[in-house]
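A short worksheet on the structure shown next.
The values are calculated or read from the model by the stated rules, or taken from the named source; none is laboratory data. If you're wondering where the values come from, they're calculated on a predicted model, not measured in any experiment. Cβ: placed from backbone, ideal geometry, glycine included. Neighbour counts: every protein chain shown. Please note that ligands, DNA and RNA were not included when accessible areas were found on the heavy atoms of the full protein model with its side chains. Shrake-Rupley method; radii C 1.70, N 1.55, O 1.52, S 1.80 Å.
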Amino acid sequence: MHEASVTEALVKLALEEALSRDALRVTAIGLVVGETTGYMGESLEFYFRNFSKGTILEGASLNIAYVKPKIKCPNCSLVFERKKFTFECPACGTPGEMTGIGNEFYIDTMDIETGER
Amino acid sequence: MNERISVKRAVYEENDRRAAVLHQGFAAKDVFVVNILGGPGAGKTSSLKQIIARLKGRPVSVIEGDIASDIDTQALRALGIDAYQIETGGDCHLNAPMMEAIVARMDIKPGSWLFIENIGNLVCPAEFVIGEDIKLLVSSTAEGADKPYKYPAAFQRAAAVILTKKDIAPYVHFDEAYFRAGVRALNPSAPVFLVDALSGDGFDEVASWLSGLRT
Ligand SMILES: Nc1nc2c(ncn2[C@@H]2O[C@H](COP(=O)(O)OP(=O)(O)O)[C@@H](O)[C@H]2O)c(=O)[nH]1
Ligand SMILES: [Mg+2]
Ligand SMILES: [Zn+2]
């Protein structure tokens, strides 16, 4: 359910961008989703199919690139991928700190068709 | 012609922009805005009552977000608190447009506190700014010590964590050290206040920490 309104915002942003580029149709959207958001790809796709109906986004594929959260160890500076239920550094055991990598939620690219109808 | 264009635009862009305008409006009136996040039943409303009872000297207003009921709003009004209701009608978080609509029909006093109880969930309320100065995260011992590990985004963005249901912690085998280690990793500077929102135990510290933010 969390994905519904963010997908609405996604569709709105993609339409705005497509119109500003004089696109006639959008065939693909490259979306970057950091895993700390907790958003599920299946749900994003489901709502995208619904909210894009009847727009120039209809039928576009939603290509999601997931970003694993990265943690940095304040002791030995190791940057490591987050494992479930722990933030500890695999090298020295010190509790790591989040780097901000893994918080993404943005449209990276769009494949558009322009020109004569 | 087919082409791939580079976009690089955040999905929250419009919300962020409108929230920034809201925040400017609040700041201009010296209104300090606290966005309260937490799962359903975590103790958001109970904590709010305890906090408000301890904040002296400045007017307070409250916005209650709820999917479809105004029970909490009624309860706060019964205590003489200036409370307003946003019913989202299904949306699982508040957003800047909802805030614009309610703020337009409120009389927010200069210099006041504005507390906003967000919809009970830890996923998307973390992602939508609504003009707040800080987010306050309410988590209860009853929900378990693994919450920071399961909902990192919410814990990362909180200025402080209010850990409620101290009184029942022994009965639910709450592992406080594990909880605190998770908060520390996500958010090294956020204080964790262990409280009992029924008796009010621990809220003097919360209130003085909050007051300290605006002197
Ligand atoms: N024992 C105990 N119960 C609490 C505490 N805080 C809240 N509750 C109870 O938990 C339930 C949910 O609290 P409420 O404040 O409505 O949670 P909200 O949904 O987050 O607003 C209510 O029955 C409260 O009385 C606490 O610190 N200790
Ligand atoms: Mg409540
Ligand atoms: Zn290390």
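Just round it to a whole percent: the fraction of Cα-Cα distances in segment B:2-212 exceeding 20 Å.
57
Taking 20 Å as the cut-off for C-alpha to C-alpha distance, list the pairs among B:49/B:166; A:83/B:44; B:44/B:135; A:84/B:150 that go past it.
A:83/B:44
Give the carbon-plus-sulfur fraction of the accessible surface of segment B:2-212 in %, rounded to a whole number; probe 1.4 Å, heavy atoms of protein chains only.
Whole-percent figure for carbon plus sulfur exposure: 53.
Once you keep just the Cα pairs under 8 angstrom separated by 6 or more residues, what percentage relative contact order results for segment B:110-215?
It rounds to 24 percent for segment B:110-215.
Could you sort the residues of segment B:120-134 by number and keep only those whose accessible area is reduced by 20 Å² or more in the all-protein-chain setting relative to the chain alone, 1.4 Å probe?
The answer is B:123, B:124, B:127, B:128 - residues whose exposure falls by at least 20 Å² when every protein chain is included.
Which ³J(HN,Hα) values, rounded to whole Hz and listed in residue order, are derived for segment B:137-146 from phi using the Karplus coefficients 6.51, -1.76 and 1.60 in 6.51 cos²θ - 1.76 cosθ + 1.60 with θ = phi - 60°, glycine and proline given as x?
Here the 3J(HN,Hα) series is 9, 9, 9, 10, 4, 5, 6, x, 7, 8 Hz.
Between B:69, B:181, B:50, whose Cα lies farthest towards the positive end of the dipole of segment B:2-212 when Lys and Arg beta carbons carry +1 and Asp and Glu beta carbons carry -1, centred on the Cα centre?
So the residue furthest toward the plus end is B:181.
Expressed as a rounded percentage, what relative contact order does segment A:3-114 have, with Cα pairs under 8 Å and six or more residues apart?
37
Pairing the Cα long axis of helix A:41-51 with the longest principal axis of chain A, what angle in degrees results, from 0 to 90 and rounded to the nearest 10?
20
How many percent of the accessible area of chain A is carbon or sulfur, using a 1.4 Å probe?
51
Mind giving me the FRET efficiency for residue B:215 and residue B:24? R0 is 25 Å, r the Cβ-Cβ distance, nearest 0.05 is fine.
Using R0 = 25 Å, I get an efficiency of 0.70.
I'd like the interface area for chains B and A: accessible area of each alone minus the complex, both sides summed, 1.4 Å probe, protein heavy atoms only. What is it in Å² to the nearest 100?
3300
Residue by residue through B:8-19, how many Cβ atoms from other chains fall within 10 Å of the Cβ on average?
The per-residue average across the peptide is 5.
With a 10 Å cut-off between alpha carbons and a GNM built on chain B, which of B:126, B:160, B:75 moves the most?
Sorting by GNM fluctuation, first place goes to B:75.
Could you give me the percent of Cα pairs per 5 Å distance bin for segment B:109-172, shortest bin first, beginning at zero and ending with the bin that holds the maximum distance?
3, 15, 25, 23, 15, 10, 5, 2, 0
Need the C-alpha centroid separation for segment B:20-64 versus segment A:16-66, integer Å.
What the calculation gives is 35 Å, centre to centre.
Averaged across A:101-110, how many Cβ atoms of other chains sit within 10 Å of each residue's Cβ atom?
Mean partner shielding for this stretch: 5.
Identify, among A:46, A:107, A:33, the residue whose Cα sits farthest towards the positive end of the charge dipole of segment A:3-114, taking +1 on the Cβ of Lys and Arg and -1 on the Cβ of Asp and Glu, with the dipole about the Cα centre.
So the residue we want is A:33.
If you consider only alpha-carbon coordinates, what radius of gyration and Dmax does the protein assembly as shown have, in Å?
Looking at the protein assembly as shown, its Cα Rg and Dmax stand at 21.3, 71 Å.
Before I look further, what does the protein assembly as shown give for accessible area per residue, probe 1.4 Å, in whole square angstrom?
44
Give me the mean projected area, in nm² to one decimal, of the convex hull enclosing the Cα positions of segment B:1-109.
9.8
List, by residue number, every residue in segment B:140-187 with a reduction of 40 Å² or greater in accessible area between the chain on its own and the complete protein assembly, 1.4 Å probe.
Those are B:149, B:152, B:156, B:185, which lose 40 Å² or more relative to the chain on its own.
For chain B, set up a GNM with springs between Cα atoms under 10 Å and report which of B:152, B:191, B:170 has the largest fluctuation.
It is B:170.
I'd like the accessible area for residue B:23, computed on protein heavy atoms only with a 1.4 Å probe and all protein chains in place. Round to 10 Å², please.
The accessible area comes out at roughly 60 Å².
Over segment B:69-136, calculate the relative contact order: mean separation of alpha carbon pairs under 8 Å at least 6 apart, over the residue count, as a percent.
Rounded, it is 33 percent for segment B:69-136.
Out of all DSSP beta bridges in segment A:3-114, what portion is antiparallel? Express it as a percent rounded to 5.
Close to 70 percent.
Starting from the Cα coordinates of segment A:3-114, work out the convex hull volume and express it per residue in Å³.
101
What number, rounded to the nearest 500 deg cm²/dmol, is the helix-based mean residue ellipticity at 222 nm of the protein assembly as shown, given -39500 (n - 2.57) per DSSP H run of at least four residues and division by all its residues?
Rounded to the nearest 500, it is -9500 deg cm²/dmol.
Roughly what angle does helix A:2-20 make with the longest principal axis of chain A, taking Cα atoms, 0 to 90 degrees, to the nearest 10?
50
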